[in-house]
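Engineer: The structure's right below; bear with me while I get my questions together.
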Amino acid sequence: MNKVRPPSLAARSAYVRSLYRAPGLRVRIGRRPCGWPLPGRSIVLLSACNPSGVRLPDGVNAHRMGLLEDALRNVPHLMGEGRLGQWSEALFAAAMPLAPACRLARRFGQNAVVALRPGRAAFLVWLA
């Protein structure tokens, strides 16, 4: 179930329209972040929920997020969420370089991560 899939047009649209937030941070794809709550040159927003875009039960997603948090134990991070309308998904805002964040997200079957760099607009990195 951790297979990364190429993004559909609907998935691309959902990522772009979503609001991503964590304590001290609010951002949308293509816009500069409002706030910068973690030290470092970059922040990556990543999740372990709903691998390959397949909806899992809340308890399973919570367990997966616990595993991801364990993997981030030596990385400054904050719990956050991505939200589009009534839908939301838990995520972590992690102060880490993009390449290791992408490897970690792939391990959890994620299709994309949101990358933030100081003074620049947020952008998606597709993992397929």
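Engineer: Could you size up the charge dipole of the chain around its Cα centre, putting +1 on the beta carbon of Lys and Arg and -1 on that of Asp and Glu, and report it in debye to the nearest 20?
Structural biologist: The calculated dipole for the chain is roughly 480 debye.
Engineer: Using a Förster distance of 25 Å, how high is the FRET efficiency between residue 125 and residue 41, based on the Cβ-Cβ distance and rounded to 0.05?
Structural biologist: 0.95
Engineer: Rolling a 1.4 angstrom probe over the protein heavy atoms, how many square angstrom per residue are accessible across segment 1-93?
Structural biologist: 58
Engineer: By the gyration tensor of its Cα atoms, with a ≥ b ≥ c the square roots of the eigenvalues, what is the shape of segment 18-74: rounded for a/c under 1.5, prolate for a/b over b/c, or oblate?
Structural biologist: Cα axes put segment 18-74 in the oblate bin.
Engineer: Farthest toward the dipole's positive end in the chain, which of 44, 122, 24, given Cβ charges of +1 (Lys, Arg) and -1 (Asp, Glu) about the Cα centre?
Structural biologist: Farthest towards the positive pole: 122.
Engineer: What percentage of the solvent-accessible surface of the chain, computed with a 1.4 Å probe over protein heavy atoms, is contributed by carbon and sulfur atoms?
Structural biologist: Carbon with sulfur: 56 percent of the solvent-accessible area.
Engineer: Please report the accessible area of residue 69 (heavy atoms, 1.4 Å probe, ligands and nucleic acids excluded) in Å², nearest 10.
Structural biologist: 80
Engineer: Of the listed peptides 105-115, 56-66, what is their order by residue-averaged count of other C-beta atoms within 10 Å, with the highest listed first?
Structural biologist: Ranked by mean Cβ neighbours within 10 Å, highest first: 105-115, 56-66.
Engineer: With the contact rule set at Cα under 8 Å and sequence spacing of 6 or more, what percent relative contact order holds for segment 8-108?
Structural biologist: 32
Engineer: Report the FRET efficiency, 1/(1 + (r/R0)^6), for residue 74 and residue 54, where r is their Cβ-Cβ distance and R0 is 30 Å, rounded to 0.05.
Structural biologist: 0.55
Engineer: Also, quick follow-up: Give me the Å³ per residue figure for the convex hull around the C-alpha atoms of segment 26-115.
Structural biologist: That works out to 97 Å³ per residue.
Engineer: How long is the gain from residue 17 to residue 81 if the chain were fully straight, where each residue apart is worth 0.36 nm and the alpha carbon distance is subtracted?
Structural biologist: 21.7 nm
The values are calculated or read from the model by the stated rules, or taken from the named source; none is laboratory data. Predicted, not measured: the structure shown is a model, and the values here were computed from it. As a convention, Cβ positions derive from the backbone with ideal geometry for all residues, glycine included, and neighbour counts pool all protein chains shown. What goes into the accessible areas is simple: the full protein's heavy atoms, side chains included, and nothing from ligands, DNA or RNA. Shrake-Rupley method; radii C 1.70, N 1.55, O 1.52, S 1.80 Å.
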